[in-house]
């Protein structure tokens with residue numbers, strides 16, 4: 001998901017493009033992007049890859065596909081000193097500009113979803129990714145949910161998440 005426009009720079013070691021992505025819940029941002037050493041970079045191919053990513057519906061997935069097809073290595077394990085230099089340049093460029101690129105990002109807030117005229121909603125245990133079938137608690141409608149803890153799917157774009165009781169989830173809806 002997109003959180004800000006793509007960022008591009010032509011630096012000493014290579015060309016870089018960074019996409020500011022959000023997780024599916026809209027609660028955090030992270031970078032994804034492409035880099036290319038000047039010594040081996042084909043500007044036309046690089047530009048075409050950037051266009052494919054920018055016009056895709058999922059920047060992170062498209063970046064992973066393009067990186068694997070063109071570069072065949074990642075910055076987690078650069079194959080040589082030139083690649084390591086490119087990765088270091090990329091990391092510095094992103095960290096230097098991250099605050100500016102993400103200044104307008106507003107994380108989504110998820111709250112216990114309304115339940116008709118009830119002020120609470122049933123909650124269930126979530127153990128090792130398996131949702132229980134027996135109600136174990138009640139969650140107060142409007143309580144902030146914690147999507148950083150394990151979650152389970154719900155219907156209609158909602159998610160089952162903790163609301164203050166460890167290991168217990170209820171249906172939460174995105175409110176921002």
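The values are calculated or read from the model by the stated rules, or taken from the named source; none is laboratory data. What you see is a predicted model, and the numbers here were worked out from it, not measured in a lab. Glycine also receives a Cβ, built like all others from the backbone with ideal geometry; neighbour counts cover every protein chain displayed.
Which residues, counting only those in the range 136-173, are farther than 17 Å from residue 116 by Cα, in a strand (DSSP E or B) and touching a strand residue (DSSP E or B) at 6+ places or on another chain (Cβ under 6 Å)?
136, 137, 144, 146, 152, 159, 160, 161, 162, 168, 169
Quick one: which of 116, 33 is in contact with a helix residue (DSSP H, G or I) (Cβ under 9 Å, 6 or more places away or on another chain) and either under 28 Å from residue 159 (Cα atoms) or surrounded by 14 or more Cβ atoms within 10 Å (Cβ to Cβ) (or both)?
33
In this structure, does residue 40 turn out to be on the phi < 0 side of the Ramachandran plot, surrounded by 16 or more Cβ atoms within 10 Å (Cβ to Cβ) and touching a helix residue (DSSP H, G or I) at 6+ places or on another chain (Cβ under 9 Å)?
No, not satisfied.
Quick test of your reading of the structure: residue 145 fulfils all but one of (1) outside the structural domain of residue 36 (by TED's automatic domain parsing); (2) at pLDDT 95 or above. Name the failing condition by number.
(2)
Here are the criteria: (1) farther than 20 Å from residue 82 by Cβ; (2) at pLDDT 85 or above; (3) buried (at least 18 other Cβ atoms within 10 Å of the Cβ). Tell me which single one residue 8 does not satisfy.
It is condition (3) that residue 8 fails.
Restricting to the range 52-70, count the residues that are surrounded by fewer than 14 Cβ atoms within 10 Å (Cβ to Cβ) and not in a helix (DSSP H, G or I).
Selection size over the range 52-70: 2.
Could you grab me the full set of residues in the range 88-101 that are surrounded by 15 or more Cβ atoms within 10 Å (Cβ to Cβ) and closer than 30 Å to residue 161 by Cα?
98, 101
Out of (1) in contact with a strand residue (DSSP E or B) (Cβ under 9 Å, 6 or more places away or on another chain); (2) not in a helix (DSSP H, G or I), what's the single condition that is false for residue 49?
Residue 49 satisfies all of (1) in contact with a strand residue (DSSP E or B) (Cβ under 9 Å, 6 or more places away or on another chain); (2) not in a helix (DSSP H, G or I) except (2).
Residue-wise test of (1) at pLDDT below 85; (2) under 30 Å from residue 141 (Cα atoms); (3) in contact with a helix residue (DSSP H, G or I) (Cβ under 6 Å, 6 or more places away or on another chain); (4) outside the structural domain of residue 154 (by TED's automatic domain parsing).
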residue	(1), (2), (3), (4)
2	yes, yes, no, yes
68	yes, no, no, yes
75	no, no, yes, yes
78	no, no, yes, yes
82	no, no, no, yes
